[in-house]
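Participant: Pasting in a structure now, in structure tokens, and then I'll have a few things to ask.
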Amino acid sequence: MNNEVPSIWQSMKAKGYSRREFLFFCGVAVAAAGLKSSGLAQVVDAFEKKPRPPVVWLHFQECTCCSESFIRSSHPIVSDIIFDTLSLDYTETLQAASGFQAEKARDDAMKNNMGKYILLVEGSVPTGENGVYCMIGGKTSEQILKEAAEGAAAIVAWGSCASNGCIQAARPNPTNATPIHKLIDKPVIKVPGCPPIAEVMTAIVTHVLLFEQIPELDSQGRPKEFYSRRVHDTCYRRPFYDAGLFVESWDDDAARQGYCLYKMGCKGPNTYNACSVTKWNSNLSYPIQAGHGCIGCSEAGFWDAGPFYQHLGSFPGFGIESTADTIGTTAAAVAAGGVAVHAAASVIRKRKLVLEQRAEAAASEALYEEREAAAAGKKAEEEEGGEEQ
Amino acid sequence: MATTRVATYQKMYVWELPVRLFHWVNVLCMIALIATGLLIGSPQKIFDAAEPSQQYWFGTVRFTHFAAAYIFFFNYLFRIYWGIVGNKYARLKEFIPYTREKLADFWTVLKVDILQIQVRRDLAEGHNALAGFTYFIAFVIFLFQVATGFALYSSMSGSFIPRLFVWMVPLLGGDAWVRQWHHLSMWFFIVFALVHIYLVFYHDWVEGTASTSSMISGWKFRKPNEIKRDD
Amino acid sequence: MTRVVVDPITRIEGHLRIEATIEGGKITDAYSSGTMVRGFEKILKGRDPRDAWAFTERACGVCTTVHALASVRAVEDAIGVSVPRNAELVRNIMFCTQYVHDHVVHFYHLHALDWVDVVSALSADPVETSNIAKSISNWPKSSPKYFADIQTRLKTFVESGQLGIFANGYWGHPAYKLPKEVNLLGVAHYLEALEWQKEIVKIHTIFGGKNPHPNYLVGGIPCSFNLEDVNAINTEKLNLVAKLIKDAQTFVEQVYIPDLMAIAGFYKDWAAIGGGLKNYLVYGDLPTKGYGFPDSYKFPRGAILNRDLSKVYDVNGKDENEIKEYISHSWYKYSVGDKTGLHPWKGETEFNFTGPQPPFEQLQVENKYSWLKTPRWKDNPMEVGPLARLLVGYAKGSEEIKEVVDGALKTLDVPVEALFSTLGRTAARGLETRLTARWLKEFYDELILNLKGGDFSTFTREKWEPETWPTECQGVGLSEAPRGALAHWIRIKDRKIENYQLVVPSTWNASPRDAAGKRSAYEESLLETPVANDEQPLEIIRTIHSFDPCLACAVH
Ligand code: HEM
Ligand code: HEM
Ligand code: NFV
Ligand code: SF4
Ligand code: SF4
Ligand code: F3S
Ligand SMILES: [Mg+2]
């Protein structure tokens, strides 16, 4: 029964927090949200009364890295999240029960909390061949997703797989891997990244719980809180970029001084993610800081925007070397060749034209002379006539 | 006798000053944009300081690109405007071979100038129909370049014009693809300029109509018997 | 005779289904099926070989990095480049880090609940738990108050009625044998391990930029060393690595190993259950003198047949007669017919689903029934993984391996044969964690020594540009992932991937039968397993978990 379930305050109390600490915690939450202090009462209230929100975490076509990333969260630490903040009623990666007991846990959570549970989805859904590319308990992932989406209060797409299909959707997408928003007609909070940053994941869950609202999303359904800036915009190597100081080859002197990785194919300028600010594993580092360019792992279709070590990707169908520049130089060479051929042909034609023009000129001269002569004759006649008048 | 030939040419005012201004501003922007764009795409070691605080050349290159981009954009808008209020040679409809007459001209130009399988034709006063049409395509690609450019720029600028084009990003499948297309369509301009400049000189050379200098002076020359329309 | 279906098998990576027939309380036959496929081998075709590590790394986020390592090795083998010693040391450090992390997480978060009854911990005496804890380890967090707090937290949790991940567990099942107090210890360390595991991976973050899925590079490693600059790996970062290594060793020696030994002591009956196959395969790893010199590996290469530890066979990944993949029971088709095995260089990946249309109750096990292919070594089914590694190392006379194995056998007072079991597998994983935690320090020390000697190089430049490669070449990257022998085979043509095949540890272990009807490791190990309650598959998941299944890896 819901009213018997302990509130966040109760579980904090059980963990030995004092009432003062609890109120302080609420105060921090309010300040972090930028709410007016009158909002404090509301937040305190919410934490005191609510049972832990039920959560169902589904797993489809994935590498389970998003789960792995999630458990790396350092604030909040993941045991606080899964034991005190919410009720993780289904997740194949961690739950005790297997088989039909596991499925029952999921179905119970959905039935008892119709319209109230949070649905977290990791992995994409293959729709090829009636969904036989991902089956759980004899059912297709599409079927499971649709059932679970129906009664969900909020739906989160974890990682690039659920948000945009990720690697299995890379050309030629053999299983027709499909991101979840294409299969359900409810709003989906997309948290792309391969995987997303742990603290971003837990922050998005707690954002929903603390502030009882879905974080503001951009036009592509990503929380602005973490995806409104490019990695490049806040990259600590940015001064090197602006100064035109680039790593030219791996482990050269420039690399050892941390110059910009743009020429090594860094996709930071095209990639919206919080890596350069929030960083990874308790704010320790991020790909660029460890010397490798960003591969754009939070961008839709990033696998097909490569190769990764080229500033610009290749156009599909032209092979791995065909960048805009190879296509462009080929076109320019063809055009220059055409011009040359044309010019040569024109030289020949021009001779013909000149002859023609000469003939024409001669003709027109003859005509002119004729006219001149005629005119002179006429004039003489007129003069004569005039004199007569 | 040379003097006799002069008498057969007619001098006519085709390109108004605004069209000529547009043209040369456009050419300058284009040169700047291509040069800086190529550098943005594959930066060369131009200067080589030890510390980033000692130089800002790449930032300057990008700034030049964006500044030229704004000029390019407004110049373009101005030309559209002039295409509505300008003289008959400047009109936008000149770009599209929509009349039967123009279509015929289109094919003859193709046969006479490009394929050289036919020798004579009547000359248009403004653009010929084929040239007009390539300008039409160029204008469309200008717009594409502006849209992709400002779409990329929108992540660095919150101002009004870049924001107008943010929709390009999801349409093309993310910033990486916008950048690729932006880069690829640069090559259209390079190819266009190559062919265009050649043809301008070519026409002058074959027809002797002073087409080269017409974009400076505004005047063209025609033999009366070669002028197609006489209004 | 009853047919039991367990799907999903949870606390693993990926989508695994087990069907078993039970007669007289014992399993008489078993079928293992991987029910999810993504098509990596199709997706890789035509791409830049230097990008392959990033693709294959995404085969799995649990054993993240190992596919990247196998991939860069495969490409380096094909194009003929070897990496500087610093790069190899950093790769080894990342490798050991992965083992320590993966094994600890497996033991506490994926496996422990098969042995530890969470509900029973509620009625434990925290003082007694504290006494037990102090008797087996110096780990400081062992006061009665500490365990009492954990118990209160657990109580509040259980009393809330919202059981979360513990819902519908097999609590109270007769196969749970631990005293209440040890169960409480297990719960406490479940939580501690959960908090600790996020620390050790920071070594990946330092060298590879993030975890999961740190970055690799064909020809070396992407990070650079510079002792005079804050923008590269410098003393501060190296100090952090040293600290993390020390903490990891402490955790392994003071928490993981004592817990493992304590729990194993109550489950010695499981030293006679779940042995399964008698053949073991190891590619070997952790080069100390270069990848090209397998004799220098910390984990030696070799194969054992029929549990005969007196003979270790050589293994050659390039010999087209040794390793082959069969698909007679897998949802694929081969151009040469479904009965023939193919060496991975000639491997094919063509989907051919012939199973029942979902939703379904039972697989058609006499036909094809899994998305895994079936790898064989000289047509033998082989078990791979920690147990295989220790056995081959033991049989090849590795002193370090002998020391930890003999030590554990003595502590538990069991004979060597006890290793051929579910318990043996679980113990082997712990023992090699001890080793890899020690080796972390060894490799770290050597790295420092190299830097001290002025060698900063982390990348071999000569073969970076594809123009320097032959138009056609092929290579294999052999490695030991936490779950066992891992290899990638690549064929490169015109600087693009022409064919790429992964044969993964869990492919070896979890695969369906081969063309001759021979079972692979999971299926074989389930035979004879006692099942107390058909409705509660606790014993099945115990043995299956002892392999640490990873199905995303296995199918890819
Ligand atoms: C004919 C006109 C133009 C040409 C030929 C041109 C060419 C280029 C090229 C080649 C690049 C490099 C792309 C790459 O490899 O990453 C580039 C980048 C860019 N261009 Fe243009 N461009 C033109 C017009 C514009 C316009 C109108 C804008 C509008 C603002 C614009 C904005 C940008 C931006 C924002 C970038 C990315 C710069 C960066 O990442 O710092 N471009 N352009
Ligand atoms: C030496 C260089 C150039 C000369 C002499 C030149 C000359 C001309 C002339 C004579 C015309 C009128 C064409 C006609 O009679 O149909 C014209 C139109 C045009 N040119 Fe150029 N041009 C030059 C370079 C360029 C370049 C580099 C570009 C841009 C890539 C360019 C873009 C255009 C455009 C867009 C038009 C159509 C103008 C309008 O109708 O407003 N020109 N040019
Ligand atoms: N099987 C497997 Fe892996 C491992 N260890 C890969 O090579 O888990 Ni995801
Ligand atoms: S998004 Fe990337 S990290 Fe997450 S499950 Fe998919 S492949 Fe793994
Ligand atoms: S390293 Fe990448 S993200 Fe950072 S400044 Fe350079 S290009 Fe931008
Ligand atoms: S590769 Fe991914 S992790 Fe961040 S720096 Fe780039 S988005
Ligand atoms: Mg394979």
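Participant: Please give the direction-averaged projected area of the C-alpha convex hull for the stretch C:448-556, in square nanometres with one decimal. Please list the in-between numbers first.
Facilitator: Values: hull surface 48.4 nm².
So the Cα hull casts an average projection of 12.1 nm².
Participant: Oh, and also: Against the longest alpha carbon principal axis of chain B, how many degrees, from 0 to 90 and to the nearest 10, is the axis of helix B:17-41 turned?
Facilitator: Computed tilt is about 40 degrees.
Participant: For the stretch C:263-304, take every pair of Cα atoms, bin their distances at 5 Å starting from 0, and report each bin as a whole percent.
Facilitator: 6, 20, 16, 11, 11, 15, 12, 8, 2
Participant: Pop a pseudo-label 7 angstrom from the Cα along the beta-carbon direction at both B:THR99 and B:ILE71 and give the gap in nm to one decimal.
Facilitator: The modelled label-to-label distance comes out at 3.7 nm.
Participant: Evaluate 2.2 N^0.38 Å with N set to the residue count of the stretch C:155-313, then give the Cα radius of gyration divided by it. Mind dumping the intermediate values first?
Facilitator: Numbers: Rg = 22.0 Å, N = 159, 2.2 N^0.38 = 15.1 Å.
After normalising by residue count via 2.2 N^0.38 Å, the value is 1.46.
Participant: A follow-up question, please. In Å³ and rounded to a whole number, note down the convex hull volume per residue for the Cα atoms of the stretch C:310-444. Mind dumping the intermediate values first?
Facilitator: Working: hull volume 25.2 nm³, N = 135.
Hull volume over Cα atoms, normalised by residue count, gives 187 Å³.
Participant: OK, next. Given charges of +1 on the Cβ of Lys and Arg and -1 on the Cβ of Asp and Glu, with all other atoms neutral, how large is the dipole of the protein assembly as shown about its Cα centre, in debye to the nearest 20?
Facilitator: On the way: 121 positive and 132 negative charges, 140 e Å.
Computed about the Cα centre, the dipole is about 680 debye.
Participant: Would you mind estimating how fast the stretch A:231-311 diffuses translationally, via Stokes-Einstein at 4 °C and 1.567 mPa s with the Kirkwood radius over Cα pairs, in µm²/s?
Facilitator: Details: Rh = 12.6 Å.
D, rounded to a whole number, is 103 µm²/s.
Participant: May I pose another question? First measure r as the distance between the Cβ atoms of A:GLU129 and A:GLU216, then evaluate 1/(1 + (r/R0)^6) with R0 = 30 Å and state the FRET efficiency to the nearest 0.05. Display every interim value, and only then the final one.
Facilitator: Values: r = 38 Å, r/R0 = 1.28.
The value I calculate is 0.20.
Participant: Using the Cα centre of the stretch A:252-348 as the reference point, and only Cβ charges (+1 on K/R, -1 on D/E), how large is the resulting charge dipole? Debye, rounded to the nearest 20.
Facilitator: Numbers: 4 positive and 6 negative charges, 44 e Å.
Charge dipole of the stretch A:252-348: 220 debye, to the nearest 20.
Participant: Right, something else. Bin all alpha-carbon pair distances of the protein assembly as shown at 20 Å intervals from 0 and give each bin's fraction as a whole percent.
Facilitator: Over the protein assembly as shown, the share of Cα pairs per 20 Å bin runs 11, 36, 29, 13, 7, 3, 1, 0 percent.
Participant: Normalised by the empirical 2.2 N^0.38 Å for globular proteins, what value does the Cα Rg of the stretch C:188-265 take?
Facilitator: On the way: Rg = 15.9 Å, N = 78, 2.2 N^0.38 = 11.5 Å.
Rounded to two decimals, the normalised Rg is 1.38.
Participant: Viscosity 0.692 mPa s, temperature 37 °C: give me the Stokes-Einstein translational D for the stretch A:241-365 in µm²/s, with Rh taken as the Kirkwood radius over C-alpha pairs. Provide the component values of the computation, followed by the final result.
Facilitator: Values: Rh = 18.9 Å.
Translational D for this selection: 173 µm²/s.
Participant: Using a Debye calculation, one point per C-alpha and no hydration shell, please list log10 I(q)/I(0) for the stretch C:1-72 at q = 0.12, 0.26, 0.28 Å⁻¹ in order.
Facilitator: Scattering profile of the stretch C:1-72, log10 relative to I(0): -0.51, -1.11, -1.19.
Participant: Could you work out how far apart the two model spin labels at A:GLU382 and B:ILE141 are, taking each label as a point 7 Å from the Cα in the direction of the beta carbon, and quote it in nm?
Facilitator: Label at A:GLU382, label at B:ILE141, 5.7 nm between them.
Participant: What translational diffusion coefficient, to the nearest whole µm²/s, does chain B have by Stokes-Einstein, given a Kirkwood radius computed over alpha-carbon pairs, a temperature of 10 °C and 1.306 mPa s viscosity?
Facilitator: Details: Rh = 20.0 Å.
Here the translational diffusion coefficient equals 79 µm²/s.
Participant: With unit charges on the beta carbons (Lys and Arg positive, Asp and Glu negative) and the dipole taken about the Cα centre of chain C, which residue among C:PRO8, C:TYR522, C:ILE43 sits farthest to the positive side?
Facilitator: Ranked along the dipole, the leading option is C:ILE43.
Participant: Using a 10 Å cut-off around each Cβ of peptide C:223-234, what is the average number of partner chain Cβ atoms that fall inside? Each step should come with its number before you reach the end.
Facilitator: Numbers: counts 9, 12, 3, 5, 1, 2, 3, 2, 10, 8, 4, 0.
Rounded to a whole number, the mean comes out at 5.
Participant: Another one. For the peptides A:270-277, C:286-293, B:177-184, what is the packing order when you average, over each peptide's residues, the other Cβ atoms within 10 Å and list the highest mean first? Could you put the intermediate results ahead of the total?
Facilitator: Values: A:270-277: 24.2, C:286-293: 15.4, B:177-184: 22.1.
Sorting A:270-277, C:286-293, B:177-184 by mean packing, highest first, produces A:270-277, B:177-184, C:286-293.
Participant: Taking Cα atoms, how many degrees apart are the long axis of helix B:100-109 and the longest axis of chain B, rounded to 10 and kept between 0 and 90?
Facilitator: 80 degrees
Participant: Follow-up question, since we're still on this one. From Cα pairs below 8 angstrom and at least 6 apart in sequence, can you work out the relative contact order of the stretch A:230-275, rounded to a whole percent?
Facilitator: In percent, rounded to a whole number, it is 50.
Participant: Could you tell me how many degrees, from 0 to 90 and to the nearest 10, lie between the Cα long axis of helix B:175-207 and the main elongation axis, the longest principal axis, of the Cα atoms of chain B?
Facilitator: Computed tilt is about 20 degrees.
Participant: If you don't mind, another one. Starting at 0 and stepping by 10 Å, how many percent of the alpha carbon pairs of the stretch C:67-225 end up in each bin?
Facilitator: P(r) for the stretch C:67-225, in whole percents per bin: 10, 30, 24, 17, 14, 6, 0.
Participant: Sticking with this one: May I ask you to list, by number, the DSSP H helices of chain C whose Cα span along the axis is at least 27 Å and whose average Kyte-Doolittle hydropathy reaches -0.5 or more?
Facilitator: C:85-105, C:180-200, C:422-452
Participant: Explain nothing, just the number: relative contact order of chain B, from Cα pairs under 8 Å at least 6 residues apart, as a whole percent. Before the final figure, lay out the partial values.
Facilitator: On the way: 220 pairs, mean separation 62.7, N = 231.
With pairs under 8 Å counted, the relative contact order is 27 percent.
Participant: So what is log10(I(q)/I(0)) for the stretch A:327-388 at q = 0.12, 0.19, 0.24, 0.29 1/Å, when the Debye sum runs over its Cα atoms only?
Facilitator: Reported log10 I(q)/I(0), two decimals: -0.58, -0.80, -0.92, -1.03.
Participant: Relative to the Cα centre, what is the charge dipole magnitude of chain B, using +1 at the beta carbon of each Lys and Arg, -1 at the beta carbon of each Asp and Glu, and rounding to the nearest 20 debye?
Facilitator: Values: 21 positive and 15 negative charges, 94 e Å.
Dipole of chain B, to the nearest 20 debye: 440 debye.
Participant: How long are the semi-axes of the ellipsoid equivalent to the stretch C:401-505, from square roots of 5 times the Cα gyration tensor eigenvalues, in whole Å, largest first? Write down the numbers at each step before the final one.
Facilitator: Values: eigenvalues 299, 117, 11 Å².
In descending order the semi-axes read 39, 24, 7 Å.
Participant: Something else now. Counting partner chain Cβ atoms within 10 Å of every residue's Cβ in A:277-289, what's the average? It would help to have the intermediate numbers written out before the result.
Facilitator: On the way: counts 0, 0, 3, 11, 13, 4, 1, 10, 12, 3, 8, 3, 9.
Partner-chain Cβ atoms within 10 Å, mean over residues of A:277-289: 6.
Participant: While we're looking at this one, here's another question. Seen from all sides and averaged, what is the projected area of the convex hull of the Cα atoms in chain C, in nm²?
Facilitator: Details: hull surface 101.0 nm².
Across all orientations, chain C yields a mean hull projection of 25.3 nm².
Participant: Can you list the lysines whose alpha carbon sits under 24 Å from that of C:LYS463, skipping same-chain ones fewer than 8 residues off?
Facilitator: Counting by Cα, and skipping residues close in sequence, C:LYS463 has these lysines nearby: A:LYS263, A:LYS267, B:LYS45, C:LYS45, C:LYS289, C:LYS318, C:LYS493, C:LYS496.
Participant: Right, another one. Of the listed pairs A:LYS111/A:LYS146; C:LYS268/C:LYS518; C:LYS180/C:LYS246; A:LYS139/A:LYS186, which have alpha-carbon separations greater than 24 Å here? Present the calculation step by step, with values, prior to reporting the outcome.
Facilitator: On the way: A:LYS111/A:LYS146 14 Å; C:LYS268/C:LYS518 29 Å; C:LYS180/C:LYS246 32 Å; A:LYS139/A:LYS186 22 Å.
Beyond 24 Å between Cα atoms: C:LYS268/C:LYS518; C:LYS180/C:LYS246.
Participant: Highest first, please rank the peptides C:85-94, C:237-246 by the mean number of other Cβ atoms sitting within 10 Å of their residues. Mind showing how you got there, number by number?
Facilitator: Values: C:85-94: 24.0, C:237-246: 17.2.
Ranked from most to least packed, the peptides come out as C:85-94, C:237-246.
Participant: Given the options C:ALA70, C:PRO470, C:VAL252, identify the residue whose Cα lies farthest towards the positive end of the charge dipole of chain C (+1 on Cβ of Lys, Arg; -1 on Cβ of Asp, Glu).
Facilitator: Of the listed residues, the answer is C:PRO470.
Participant: Moving on. When the convex hull of the Cα atoms of the stretch A:98-204 is projected onto a plane and the area is averaged over all directions, what value comes out in nm²? Write down the numbers at each step before the final one.
Facilitator: On the way: hull surface 27.7 nm².
Across all orientations, the stretch A:98-204 yields a mean hull projection of 6.9 nm².
Participant: Relative contact order, percent, of chain C when contacts are C-alpha pairs under 8 Å separated by at least 6 residues?
Facilitator: The value is 26 percent.
Participant: What does the stretch B:128-215 give for Rg and for Dmax, in Å, if only its C-alpha atoms count?
Facilitator: Considering the stretch B:128-215 through its Cα atoms, Rg and Dmax are 17.1, 51 Å.
Participant: Among C:PRO287, C:PRO375, C:LEU390, flag the residue with its Cα farthest along the positive direction of the charge dipole of the stretch C:261-409, charges on Cβ as +1 for Lys/Arg and -1 for Asp/Glu.
Facilitator: Value: C:PRO287.
Computed from the coordinates by the stated procedures, all read-outs in this text should not be read as laboratory data. In this text the structure is predicted, and so the values were computed from the model without any measurement. When we count neighbours, we look across all protein chains shown, and the Cβ atoms used for this are built from the backbone with ideal geometry, even at glycine.
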